[in-house]
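Have a look at the structure below before the remarks.
The values are calculated or read from the model by the stated rules, or taken from the named source; none is laboratory data. These numbers were taken from a predicted model, which means no experiment stands behind them. Positions of Cβ are backbone-derived with ideal geometry, glycine not excepted, and every protein chain shown enters the neighbour counts. The area values use the complete protein model at the heavy-atom level, side chains included, leaving out ligands, DNA and RNA. Shrake-Rupley method; radii C 1.70, N 1.55, O 1.52, S 1.80 Å.
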Amino acid sequence: QVQLVESGGGLVQSGGSLRLSCAVSGMIGSRYTMGWYRQAPGKQRELVARITSGGSTNYADSVKGRFTISRDNAKNTGYLQMDSLKPEDTAVYYCNADLPGYGNYWGKGTLVTVSS
């Protein structure tokens, strides 16, 4: 059974930093693409950043230059370093693992609140 568990969310002031972690268990190997998504109140879930098993990354325009996605395949753990946070970054952040032909999995989310 594949499980993703996020941690690291919390309350931070505007301009501050947080580091989110996503621990993946039950996945065979590390060939999956890991992504971070977020959903703000009243809005649709959106992609924040994504990293392939080989380390290729892509980011939403709104977070480029402020957020950094990374992963440790040996630990089956992904990270999202968030710097220069803004109130509009407030959302529930979800971790996703996608392996075509195998499955697509979500964590339960972690809340990030940025105060102005």
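Yes/no matrix, rows are residues, columns are (1) of a type outside the set (Lys, Arg); (2) part of a strand (DSSP E or B):
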position	(1), (2)
Gln1	yes, no
Val12	yes, yes
Gly16	yes, no
Leu20	yes, yes
Val24	yes, yes
Gly29	yes, no
Gly35	yes, yes
Lys43	no, no
Within the range 45-67, can you find the residues that are of a type in the set (Asp, Glu) and assigned to a loop (DSSP other than H, G, I, E, B)? Asp61
Here are some residues: Gly26, Gly16, Gly10. Which one is under 14 Å from Leu111 (Cβ atoms) and not aliphatic (A, V, I, L, M)? Gly10
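Residue by residue, here is whether (1) over 14 Å from Ala97 (Cα atoms); (2) among the polar types (S, T, N, Q); (3) under 11 Å from the mean Cα position of the chain (by Cα) holds:
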site: Ser14; (1), (2), (3): yes, yes, no
site: Arg19; (1), (2), (3): yes, no, yes
site: Met27; (1), (2), (3): no, no, no
site: Gln39; (1), (2), (3): yes, yes, no
site: Ala60; (1), (2), (3): yes, no, no
Could you list, in sequence order, all residues of the range 9-54 that are open to solvent by less than 60 Å² (accessible area, probe 1.4 Å), free of Cβ contacts under 8 Å to residues at least 24 places away in the same chain and among the small types (Gly, Ala, Ser)? Gly29, Ser53
I'd like the full set of residues that are within 14 Å of the chain's Cα centre (by Cα), open to solvent by less than 40 Å² (accessible area, probe 1.4 Å) and more than 17 Å from Pro41 (Cα to Cα), limited to the range 76-99. Asn76, Thr77, Gly78, Tyr79, Leu80, Met82, Cys95, Asn96, Ala97
